[in-house]
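Structure first, then comments.
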Amino acid sequence: MELKDLIKPENLVYGKTKILEDEPMHYCPGCSHGVVHKLLAELIGEMGLQEKTIGIAPVGCAVFAYKYLDIDWQEAAHGRAPAVATALIRLKPDNFVFTYQGDGDLASIGAAEIMHACNRGENILVIFINNGIYGMTGGQMAPTTIEGMVTSTTPGGRNVDLNGYPMKITNLIAQLPGTSYVTRQAVHTASAARKCKRSIKKAIENVLDKKGTSFVEVVSTCNSGWKMTPVGANTWMEDNMIPYYPLGDLKDSVKGENSSEN
Amino acid sequence: MTEEMIIAGFGGQGVLSMGKILAYSGIMEDKEVTWFPSYGPEMRGGTANVTVIISDTRISSPILQQFDTAIILNQQSMDKFEKSVKPGGTLLYDPNGVLTPPSRNDINIYKVEGTKTAIEMGNPKVFNMIVFGSYLKVRPILSLDNVEKGLEKSLPERYHKLIPLNLEAIKKGQAIVETVQEV
Amino acid sequence: MGELKLMKGNEVLAEAAIRCGCDGYFGYPITPQSEVMETLMARQPWNETGMVVLQAESEVASINMVYGGAGAGKKVMTSSSSPGISLMAEGISYIAGSELPCLIVNVQRGGPGLGTIQPSQADYFQAVKGGGHGDYKLIVLAPASVQEMNDFVDLSFELAFKYRNPAMILTDGALGQMMEKVELADFKPRWTDEEIEEKSGSWATTGKPSSRKKNIVTSLEMDSNIMEANNHRFQEKYKKMEEDEVRYELFHCDDADFIIVAYGSSSRICQKSVEIARSKGLKVGLLRPITLFPFPNKIIAELARKAKGFLSVEMSSGQMVEDIKLAVYEAGRNTRVNHFGRTGGIIHTPEEVVEALEDKFSWELNYGVKRSY
């Protein structure tokens with residue numbers, strides 16, 4: 001039997017994700033962004049949403065997200081993705097609109113926009129990548145940087161007296177009656193990634209059912225910013241990040257029914 | 001014809017709405033109109049004034065220093081605007097709120113007991129329409145028909161039942177205006 | 001003839017937006033323009049035309065909502081007053097850099113800082129020189145009456161879509177609060193999805209059908225060569241506007257020795273000043289720029305051949321006067337250009353303008369144009 005006889009649709013067990021472009025990603029090896037991009041791309045393809053989807057890219061490492069998924073995109077100003085998404089879903093209620101934001105973008109400069117979009121219960125999906133650091137600008141402190149963590153602007157480690165406390169913004173989001181599904185996931189193992197995909201799928205379904213804002217935090221690694229190996233970063237995340245940002249659903253409800261477990 | 005006028009008094013006297021009815025009546029007469037109020041904090045509990053211009057031709061400045069007519073309803077406004085009436089122009093005032101009557105001798109001066117009459121009519125809210133009637137008597141630039149149409153246009157529909165009362169007040173104002181001096 | 005109404009400038013902006021088929025308004029309250037959103041909320045256009053009206057959490061959010069809606073090919077707008085426009089500066093730069101059409105209304109108040117809520121024209125530089133970061137221009141229209149407040153909403157959208165560029169209506173608290181007779185436009189239907197696809201399908205984010213490549217709305221370009229080419233393209237666009245879109249009005253300029261240049265509510269006052277000056281035997285005319293960008297350079301150059309002086313009359317410490325000076329300089333003339341204007345919310349009177357003209361041009365009034373100064 002020759003190779004060409006093997007390459008047949010009925011023999012296909014795994015293929016390239018159709019929504020992912022052939023563009024090589026600029027992310028560092030070991031970064032969580034690539035995995036989350038792939039999960040999103042798979043779901044948009046599997047759920048037949050390509051024609052309906054408009055993605056909002058942030059400012060941060062994912063600023064070029066628009067290069068990697070074959071959907072329509074808008075690149076927002078730093079922190080303003082939820083405002084951009086608000087207008088889009090209001091003006092085009094039949095579309096599927098999501099924002100993809102990092103911790104600096106969402107929890108620092110864009111704290112007002114995310115709070116108000118979630119409070120209005122905009123029918124959008126928010127993907128929140130929390131790696132506790134500003135990756136793109138070279139590893140400065142983020143609002144989510146955990147206590148004692150070394151960054152280029154906290155060379156002695158984050159000192160809460162000086163810098164305040166690491167912000168559990170997802171817990172705040174879960175308090176808002178406009179949100180329906182709020183969850184915290186990770187993608188550092190195959191099983192975590194599968195679980196994360198299930199969560200994003202549920203979030204998308206909620207959004208399509210107009211249940212309010214769905215919010216998926218992904219506790220992520222930035223091994224370059226953390227100055228670790230990819231494997232070391234995964235271990236460090238499990239030992240230090242996840243105890244402070246425990247994984248699991250924070251809220252599963254419908255807009256207006258505040259059943260936050262926090 | 002161009003009539004450049006100021007209506008000035010306290011907030012709550014219906015100064016702005018009198019101006020609006022005047023302007024709308026002007027539109028009904030197929031004229032150009034501009035209504036320019038004082039606005040912002042100076043409106044809060046203090047004096048209110050509005051410049052109204054009615055003209056056959058395109059109106060230039062909405063901001064004026066000199067007026068053909070001034071309707072003055074309190075002392076502060078008398079202090080401020082008596083001197084702004086053009087020589088030969090018209091000043092109409094209600095003596096109720098004015099302690100120092102106008103003293104110029106180069107303008108036409110009329111007075112109307114608006115406050116007193118409104119109380120006699122049992123409805124202080126028609127005060128501004130009584131004054132408006134007096135104005136129409138001394139400056140007959142608009143027909144009563146068009147004023148009625150102006151009232152219809154400027155009042156929300158739920159107040160249309162009050163139009164007859166307003167017209168009655170206007171007629172009362174026309175009847176009771178007193179000439180102080182004419183030049 | 002359309003419906004005749006007596007309306008405030010601010011109210012008319014809202015009514016005109018509904019009638020011209022605007023898809024969305026996003027705004028934040030600020031004096032002296034809050035009636036724009038209040039009028040829209042009272043009118044409930046979502047029941048009538050499907051127009052979306054949303055009170056945003058800040059001006060920053062408003063302008064980014066406008067960015068989002070404009071990116072999808074929708075006719076969207078915001079309005080604010082001076083401090084709010086400053087907050088929007090970043091978003092406006094993004095919209096210009098992403099080549100999106102939209103309408104921004106600035107009902108100016110006095111500044112700097114929190115300043116005053118009274119009218120002003122001190123945001124001229126901010127409006128015509130860009131205002132945010134980077135090399136960009138807005139199409140800037142300056143209405144001088146409530147009627148033009150009405151007419152310029154539709155015109156702004158037309159120009160914004162023609163050039164894929166943000167347009168601004170630069171007005172002020174006086175025009176916003178003033179009522180005048182206005183003939184309202186007839187209702188135009190909002191564009192359907194098919195019409196948007198036809199007009200903007202090549203760039204707008206409508207959701208990617210298999211029949212076309214994905215559309216990306218962005219102002220980001222890391223390749224400097226491409227970024228420079230983008231900038232060149234923008235500049236070409238602005239040049240084209242300067243060639244084709246200049247609008248102005250002349251009043252008694254034919255025999256004028258002195259030209260007052262004024263826009264917006266100041267031009268209304270100056271029209272009266274011209275009448276007063278002429279009654280005193282002074283040959284004064286008025287040039288009223290209607291577009292502030294593109295600026296009417298050519299007519300200034302032409303008027304400079306005969307005029308003994310230009311007086312820029314603005315409710316500012318002197319901003320447009322610089323553009324007049326440039327136009328006169330580029331025309332190779334040495335006609336003197338002066339400025340007069342009140343600030344801080346005070347509106348100059350027609351008489352003050354005439355006095356200023358006589359004072360500032362006393363030399364020219366007596367001796368004519370100097371060869372050099």
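Tabulated values for the structure
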read-out: Criterion (surrounded by 20 or more Cβ atoms within 10 Å (Cβ to Cβ) and either in a strand (DSSP E or B) or assigned by TED's automatic domain parsing to the domain that holds C:Pro294 (or both)) met by exactly one of C:Met88, C:Met77; value: C:Met77
read-out: Residues (more than 20 Å from A:Asn95 (Cα to Cα), free of Cβ contacts under 8 Å to residues at least 40 places away in the same chain and within 14 Å of chain A (Cβ to nearest Cβ)) located in region C:199-225; value: C:Leu220, C:Glu221, C:Met222, C:Asp223
read-out: Given (1) at positive phi; (2) assigned by TED's automatic domain parsing to the domain that holds C:Pro289, number of the condition C:Gly207 does not satisfy; value: (2)
read-out: Filter pass, A:Arg90 being free of Cβ contacts under 8 Å to residues at least 40 places away in the same chain and closer than 29 Å to C:Phe26 by Cβ; value: yes
read-out: Counted residues, region C:322-351 - those being without any contact (Cβ under 8 Å) to a residue 60 or more places away in the chain and in contact with a Phe, Trp or Tyr (Cβ under 9 Å, 6 or more places away or on another chain); value: 10
read-out: Elements of type strands (runs of 3 or more DSSP E) in region B:76-183, at least 2 residues being surrounded by 19 or more Cβ atoms within 10 Å (Cβ to Cβ); value: B:85-93, B:108-111
read-out: Complete set of residues in region C:1-16 that are within 14 Å of another protein chain (Cβ to nearest Cβ) and either part of a helix (DSSP H, G or I) or under 15 Å from C:Pro143 (Cβ atoms) (or both); value: C:Met7, C:Lys8, C:Gly9, C:Asn10, C:Glu11, C:Val12
read-out: Wholly enclosed strands (runs of 3 or more DSSP E) of region C:131-185 bearing at least 1 residues surrounded by fewer than 20 Cβ atoms within 10 Å (Cβ to Cβ); value: C:179-183
read-out: Within region A:215-262, tally of residues that are of a type in the set (Gly, Ala, Ser) and buried (at least 19 other Cβ atoms within 10 Å of the Cβ); value: 5
read-out: Which numbered condition C:Asp186 misses (of (1) away from chain A (no Cβ under 14 Å); (2) within 26 Å of C:Leu87 (Cα to Cα)); value: (2)
read-out: Test: residue in region C:344-357 that is aliphatic (A, V, I, L, M), buried (at least 18 other Cβ atoms within 10 Å of the Cβ) and part of a loop (DSSP other than H, G, I, E, B); value: yes
read-out: Considering residues of region A:82-97 that are in contact with a helix residue (DSSP H, G or I) (Cβ under 8 Å, 6 or more places away or on another chain) and more than 7 Å from every other protein chain (Cβ to nearest Cβ) only, the residue nearest to C:Met77 (Cα to Cα); value: A:Pro82
read-out: Identity of the residue in region C:34-52, β-branched (Val, Ile, Thr) and touching a Phe, Trp or Tyr at 6+ places or on another chain (Cβ under 9 Å), that ends up nearest to the other protein chains (Cβ to nearest Cβ); value: C:Val52
read-out: Counted residues, region C:94-119 - those being of a type in the set (Ser, Thr, Tyr) and either under 14 Å from the mean Cα position of the chain (by Cα) or crowded, with 21+ Cβ neighbours inside 10 Å (or both); value: 1
read-out: Inter-residue pairs, beta-carbon under 6 Å, first at the interface with another protein chain (Cβ under 10 Å from one of its Cβ atoms) and in region C:249-274, second surrounded by fewer than 24 Cβ atoms within 10 Å (Cβ to Cβ) and among the charged types (D, E, K, R), 6+ apart; value: C:Ser267/C:Arg288
read-out: Some residue of region B:107-122 being of a type outside the set (Phe, Trp, Tyr) and within 28 Å of C:Ile347 (Cα to Cα); value: yes
read-out: Helices (runs of 4 or more DSSP H) enclosed by region A:159-245 - at least 2 residues per element that are closer than 23 Å to A:Lys38 by Cα and under 16 Å from the mean Cα position of the chain (by Cα); value: A:190-208
read-out: Matching entry among A:Gly135, A:Gly212 (being of a type outside the set (D, E, K, R), at positive phi, in contact (Cβ under 8 Å) with a residue 40 or more places away in the chain and crowded, with 23+ Cβ neighbours inside 10 Å); value: A:Gly212
read-out: Selection count, region B:66-85, where residues are within 28 Å of C:Leu286 (Cβ to Cβ) and touching an Asp or Glu at 6+ places or on another chain (Cβ under 6 Å); value: 2
read-out: Count - residues of region B:3-17 that are within 13 Å of chain C (Cβ to nearest Cβ) and either small (Gly, Ala, Ser) or touching a helix residue (DSSP H, G or I) at 6+ places or on another chain (Cβ under 6 Å) (or both); value: 1
read-out: Residue in region C:53-71 that is farther than 23 Å from A:Asn119 by Cα and out of contact with any Phe, Trp or Tyr (no Cβ under 6 Å at 6 or more places or on another chain) present; value: yes
read-out: Filter result (in contact (Cβ under 8 Å) with a residue 60 or more places away in the chain and over 24 Å from C:Val182 (Cα atoms)) within region B:142-183; value: B:Gly173, B:Ile176, B:Val177, B:Glu178, B:Thr179, B:Val180, B:Gln181, B:Glu182, B:Val183
read-out: Helices (runs of 4 or more DSSP H) lying entirely in region C:221-338 (those with 2 or more residues that are under 21 Å from C:Gln121 (Cβ atoms)); value: C:264-279, C:297-303, C:320-330
read-out: Count - residues of region A:57-81 that are more than 7 Å from every other protein chain (Cβ to nearest Cβ) and within 16 Å of the chain's Cα centre (by Cα); value: 13
read-out: Selection count, region B:1-33, where residues are without any contact (Cβ under 8 Å) to a residue 60 or more places away in the chain and under 18 Å from B:Gly89 (Cβ atoms); value: 1
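Results for (1) in contact with a helix residue (DSSP H, G or I) (Cβ under 6 Å, 6 or more places away or on another chain); (2) closer than 21 Å to C:Gly131 by Cα; (3) within 14 Å of chain B (Cβ to nearest Cβ), shown as yes or no for each residue.
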position	(1), (2), (3)
C:Ile290	no, yes, no
C:Ala304	yes, no, no
C:Glu314	yes, yes, no
C:Glu330	no, no, no
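Table: residues versus (1) more than 30 Å from C:Ile269 (Cβ to Cβ); (2) under 28 Å from the mean Cα position of the chain (by Cα); (3) of a type in the set (D, E, K, R).
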residue	(1), (2), (3)
C:Val182	no, yes, no
C:Ala185	no, yes, no
C:Glu197	yes, no, yes
C:Ser210	yes, no, no
C:Glu221	yes, no, yes
C:Asn225	yes, no, no
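The values are calculated or read from the model by the stated rules, or taken from the named source; none is laboratory data. All values derive from a computational prediction rather than experimental measurement. Please note: Cβ atoms are built from the backbone with ideal geometry, for glycine as well, and neighbour counts cover all protein chains shown.
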